[in-house]
1. Give me THR202, THR69, THR177 sorted ascending by neighbouring Cβ count inside 10 Å, so fewest comes first.
2. Quick check on packing: order 270-277, 309-316, 122-129 by the mean number of other C-beta atoms within 10 Å, highest mean leading.
3. Is the shape of segment 441-501 best called rounded, prolate or oblate, per the rule: a/c under 1.5 gives rounded, else a/b larger than b/c gives prolate, else oblate, with a ≥ b ≥ c the square roots of the Cα gyration tensor eigenvalues?
4. With a cut-off of at most 10 other beta carbons within 10 Å, and DSSP calling the residue loop, which trypsin sites (Lys or Arg not before Pro) in segment 149-229 qualify? Please list them.
5. What GluC sites (Glu not before Pro) does segment 414-452 have in DSSP loop regions with at most 14 other beta carbons within 10 Å?
6. Count neighbours as other Cβ atoms within 10 Å of each site's Cβ, and list the GluC sites (Glu not before Pro) in segment 153-260 that are DSSP loop with at most 16 such neighbours.
7. Once you sort the root eigenvalues of the Cα gyration tensor of segment 292-385 as a ≥ b ≥ c, which label holds: rounded (a/c under 1.5), prolate (a/b larger than b/c) or oblate (the other case)?
8. With the cut-off at 22 Å, tell me which of the pairs LYS307/LYS501; LYS153/LYS211; LYS211/LYS330 have Cα atoms farther apart than that.
Amino acid sequence: MNFKMSFQRNVVKFAAISALIAVAAFSGCKSTFFGGTESAPSNQAPQAPPAPVVVDGVRTSYADVVDKTSPAVVMIQSERKASAQSQQFPFGDFFNLPNMPQQPQEQQRPLERGVGSGVIVSADGTILTNNHVVDGAEKITIQMNDKRTFEAKIVGSDPPSDLAVLKIEGENLPFLTLGNSDNVRIGDIVLAIGNPLGIGQTVTAGIISAKGRQTGISDGSFEDFLQTDAPINRGNSGGALVNLTGELIGINSQILSGGNAGGNIGIGFSIPSNMAKSVMEQLLKDGKVRRGMLGVNIQNLTEDIAKNLELNTTKGVVVSNVRTGSAAEKAGIKTGDIIIAINGENVEDSNTLRNKVAGTLPGTEITIKIIRDGSETELKATLDEFEVPGAATPGQEPKKNNPDGSEQNGKLGLSLQPITPEIAKQLKLESTNGLVVTNVDPNGAAAEKGMQRGDVILQINRQPVSSLDEVRAAIEKSGDRPVLLLVSRGGVPIFLTVSPK
């Protein structure tokens, strides 16, 4: 009996030892098979390989593009003293610090801190961002994607394009190469990289929705935006818009948003890389941007205006005013001319012309093709230099009561009065030419075209008018055809077509 129990215990012990040897042997083979060592933990799963970027010819990931581009996109933290009325930026990148201690004896202005984005574009630490991200900043800190921080200095800024160039001291920094934004096509896939709301670097994807956009949200002087539906929000200002080859094709600048939340609704705007490159090179070289100026007020050629001028196309822009002593006047350009090409390149709309002229250095001679009285001709103009103007003061409206002697309503639905020296002074007009609109019938023909009290009618059907009788005669002569009005609004001449009722 004792022998039997002893034998059974020995059998169990032998079996246990055999099992341990088998497990050890199997574990050792497994470690060797996966290239590990026998000391590696047996319960640690092997690391999975990265997901494929392309499956059956279809891209399934942008991780390779992100790995290549994201290290060059930085967070910009800026500080400035609050002004009496803080400027409201498209992204709202600046915000007031809560619970700031007050200094009643000195009445110090509160401190504002802003968070935006930037893109390193050279290994020596040159950074592109928006002007509104750093405008007025007294201290600028750059935080890299790897959490390194640098203090930055402003090399130069350009409010009309909303661009600024910063510099940090570093070597062999990651950077993005600027692509050719002219080659971007509507429908191309793009990635937006930045630091929305200061939460940290974020990547979103979308497409190019449109090109050549003008929003008028910022300065409005020189806009040629790429529009994208890649989600961007506050704090993305100055961040990168990249293509799938990892090139920088735009600097994210503005969004349109619904309601008061200021969130993304899929309509964002990016400054094209070609414009950014031109501005950056001039800021690095001269500290400022020089732009050509022709000296005309222009507007798009609408179908109604084209019909009135007996044109078969709406391509080109119509000249609504030529400034005295300007390059345009010296070249022989006149009000009513249709500009259709600059240096052999077609001019599709007013924004195209503005950017072509602005992108040419002052003192450069350009060739302008125009249509005048139905015939094409070419003129030579030597460009003046554009100077950034100060904020314009809007003209005041006349008194609410219509002055005696004004023309009431009529076929256009307007009340008009000849301009007196007093009215010219009140409206900040340079002359007393034309008639001022003192009232607009909300149900009239002119109201449908957006005419406003305070507008000044300078011409009707390209003929100057300065009296009520001249207005009546010109309208009667038009019969049932639309009337072409040259109107000065806030000192800016525009053409409007109104169909008399």
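1. Least to most surrounded, the residues fall as THR177, THR202, THR69.
2. Descending mean neighbour count gives 270-277, 122-129, 309-316.
3. oblate
4. Sparse-neighbourhood loop trypsin sites (Lys or Arg not before Pro): ARG185.
5. Listed in order of number, the matching sites are GLU430.
6. Loop-located and lightly packed - GLU169, GLU171.
7. Prolate shape, in that a/c is at least 1.5 and a/b is the bigger ratio.
8. The answer is LYS153/LYS211; LYS211/LYS330.
Quick note: the coordinates plus some simple rules give every number you see, no bench work behind them. Every value quoted in this text rests on a predicted model; they were computed, and no experiment measured them. So basically every Cβ, Gly included, is an ideal-geometry build from the backbone, and we count neighbours across all protein chains shown.
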